[in-house]
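Below is one structure; the comments refer to it alone.
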Amino acid sequence: MRRRDILWFGLGAAALIGAGRSWRAFSADLEAARARTLGRSRIVASRYGALEVAEAGDGPPVLMIHGTGGGFDQGLAMSGPLRESRRVIAPSRFGYLRSAFPADPSSDNQADAFADLLDALGVDKAAIIGGSAGALSAMAFAIRHPDRTSALVALVPAAYAPGRPPVDPPNPLAQAIIEHGLKSDLLFWLGMKVSEDAMIASLLATDPARVRAASAAEQARVRAVLRDILPVSLRAEGLKNDARLAYTPAPMPIERITAPTLALSLEDDRFQTLAAARHIAATVPGAELVSFQSGGHIWAGRNAEVFAAVEGFLARHRA
């Protein structure tokens with residue numbers, strides 16, 4: 001850890017952990033974070049081991065694939081209004097929460113595990129929605145299991161785009177958060193308490209000013225996305241795998257996708273996923289592109305518009 005990074009975390013530690021009450025606050029928040037994942041999911045068997053899943057709602061099935069730092073809990077939260085009219089199936093991907101971490105945790109193998117999951121649930125065919133790094137395994141599912149894919153939605157996809165360089169952290173503080181804050185429950189918690197804006201900017205790739213300008217409900221949603229990455233310790237293997245798969249994503253044979261496809265992103269997403277969304281729309285036969293000017297990687301202030309676009313797309317294609 002560089003000197004300035006040590007200083008940043010050291011200042012936070014001095015301010016927050018120096019007092020016993022701050023340690024108690026950390027312990028209480030960590031316990032609450034663990035409690036949020038209990039009793040809401042179950043385990044099914046896949047060819048790669050245990051796969052955790054939770055469900056909500058009733059209607060046509062939607063397989064909701066979470067992004068980096070998630071789990072079934074992020075998938076359920078990310079599904080938002082879809083739960084009002086659809087059966088949302090939200091697995092934890094490899095290395096997240098209670099799901100197994102096999103020797104080869106590739107996007108293709110994740111996709112095959114999702115097929116096993118649908119078998120276990122008695123679902124023949126589903127729409128699949130993948131957010132951020134989750135779009136990789138969602139796209140792989142549509143490629144590998146076309147007969148089981150009624151539609152594909154790639155939300156802010158952390159996927160390949162020709163000529164796009166890796167997205168580097170914008171400054172040393174963001175680099176420190178990514179390198180160290182995602183390896184420790186304590187450091188992650190400190191980051192939220194000491195510099196929430198920096199965490200939103202670096203981990204959620206969203207302009208904090210855009211969040212502050214949003215409604216109270218949208219601000220709460222964004223903060224919940226950040227808060228619910230805790231416990232980091234229960235998501236560590238998945239985080240490392242996503243860093244490997246999504247930092248420099250490999251090309252995929254997406255021209256083979258036959259399901260109706262929607263790619264959606266935002267111009268100010270600091271992970272630059274709009275380039276990937278445009279590539280998907282230009283390459284997948286008949287694919288549609290929806291983009292918004294602002295909102296960042298987690299579409300702050302745009303949740304209703306994003307899901308209106310998704311729901312409208314699924315309805316048009318009877319998925």
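Points to keep in mind about this one:
- Acute angle (nearest 10 degrees) that the helix 3-16 long axis makes with the longest principal axis of the chain, alpha-carbon atoms: 80
- Cα gyration tensor shape for the range 236-315, rounded if a/c is under 1.5, else prolate or oblate: oblate
- The slack between residue 248 and residue 282, meaning 0.36 nm per residue of separation minus the straight C-alpha distance, is 10.2 nm.
- The chymotrypsin sites (Phe, Trp or Tyr not before Pro) of the range 236-319 that meet both conditions, a loop assignment by DSSP and at most 16 other Cβ atoms within 10 Å of the site Cβ, are 247.
- Acute angle (nearest 10 degrees) that the helix 107-121 long axis makes with the longest principal axis of the chain, alpha-carbon atoms: 70
- The spacing between the range 263-292 and the range 42-59, judged by their C-alpha centroids, is 29 Å.
- Over all pairs of different C-alpha atoms, the range 24-83 has a mean inverse distance whose reciprocal, the Kirkwood radius, equals 13.3 Å.
- Counting only alpha carbon atoms, the long axis of helix 236-246 and the longest principal axis of the chain meet at about 60°.
- Available extension along the chain between residue 293 and residue 316 is 5.9 nm, counting 0.36 nm per residue and deducting the alpha carbon span.
- Here is the tail figure for the range 36-140: Cα pairs spaced more than 19 Å apart come to 32 percent of all pairs.
- Scoring 38-49, 195-206, 66-77 by mean Cβ neighbours within 10 Å over their residues and listing the highest first yields 66-77, 195-206, 38-49.
- In terms of packing, defined here as the mean over residues of other Cβ atoms within 10 angstrom, the peptides 101-107, 136-142 line up highest first as 136-142, 101-107.
- Using every pair of separate Cα atoms, the Kirkwood estimate puts the hydrodynamic radius of the chain at 19.7 angstrom.
No value in this document is a laboratory result; all are computed from the given coordinates. What you see is a predicted model; the values in this text were computed from it and never measured. For neighbour counting, all protein chains shown are included, and Cβ atoms are generated from backbone atoms with ideal geometry for every residue, glycine included.
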